[in-house]
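Note sheet for the following structure.
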Amino acid sequence: MDEIKIGSNRSFGLVFFVVFLLISLYPLLKGSDLRIWSLLVSFIFLALGLINSNLITPLNKLWFKFGLLIGKVISPLIMGFIFFVVVTPIGIIMRLIRKDLLNLKYNKKKSYWIEKNGPKSKMKNLF
């Protein structure tokens, strides 16, 4: 299995600079005061990200592991949601209108082989 490589400290620092900067500026939209603590944290991340410091490597690894954990939890939830919201109603509707798209109903014939009518191949003018 291929080893998954974490992102660079530079990109991690710059992304968290933007995140904490937005957190610090958000109260201004509602007429409140600037969040100074978030502004300071954002500039710390900017400085550490620009110099590509090894001080944020543990945070980068922790964030990466958190992302893997969220992926393991959220992916099955989303797939289950899609299954029960999309696939299950389609199956119920197909049963109600008695549609057998896969031809799975029991057949009393000797074989389930479907005879093909028409040409053997339709690959005449491919290009």
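The values are calculated or read from the model by the stated rules, or taken from the named source; none is laboratory data. Since the structure is predicted, the reported quantities are computational estimates derived from the model, not experimental observations. Positions of Cβ are backbone-derived with ideal geometry, glycine not excepted, and every protein chain shown enters the neighbour counts. We work out accessible area using only protein heavy atoms, side chains counted, and drop any ligands, DNA or RNA first. Shrake-Rupley method; radii C 1.70, N 1.55, O 1.52, S 1.80 Å.
Under Stokes-Einstein, with the Kirkwood radius over Cα pairs standing in for Rh, what whole-number D in µm²/s applies to the chain at 37 °C and 0.692 mPa s?
Roughly 155 µm²/s, to the nearest whole number.
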Seminar exercise, completed: For the chain, the per residue accessible area (1.4 Å probe, Å²) is 92
Exercise. Among Phe43, Phe16, what's the order by accessible area (1.4 angstrom probe), most exposed first?
Worked result: Phe43, Phe16
Seminar exercise, completed: Mean 1/r over distinct Cα pairs of the range 61-104, inverted to a Kirkwood Rh in Å, yields 12.8
Exercise. Which ³J(HN,Hα) values in Hz, rounded to whole numbers, follow from the phi angles of the range 86-93 under the Karplus curve 6.51 cos²θ - 1.76 cosθ + 1.60, where θ = phi - 60° and Gly and Pro get x?
Worked result: 10, 6, 4, x, 5, x, 5, 4
Exercise. Any idea how far apart Leu28 and Thr88 come out in nm if each label point goes 7 Å out from Cα toward Cβ?
Worked result: 4.7
For this session: Report in % the part of the accessible area of the chain that belongs to carbon and sulfur, leaving out ligands and nucleic acids; probe 1.4 Å.
Result: 69
Exercise. For the range 78-127, how big is Rg over Rh, using alpha carbon atoms and the Kirkwood form of Rh?
Worked result: 1.20
For this session: Can you tell me the 0 to 90 degree angle between the C-alpha axis of helix 9-29 and the longest principal axis of the chain, rounded to 10?
Result: 80
For this session: Compute, for Ile44, the solvent-accessible surface of its heavy atoms (probe 1.4 Å) with the complete set of protein chains present, and express it in square angstrom to the nearest 10.
Result: 100
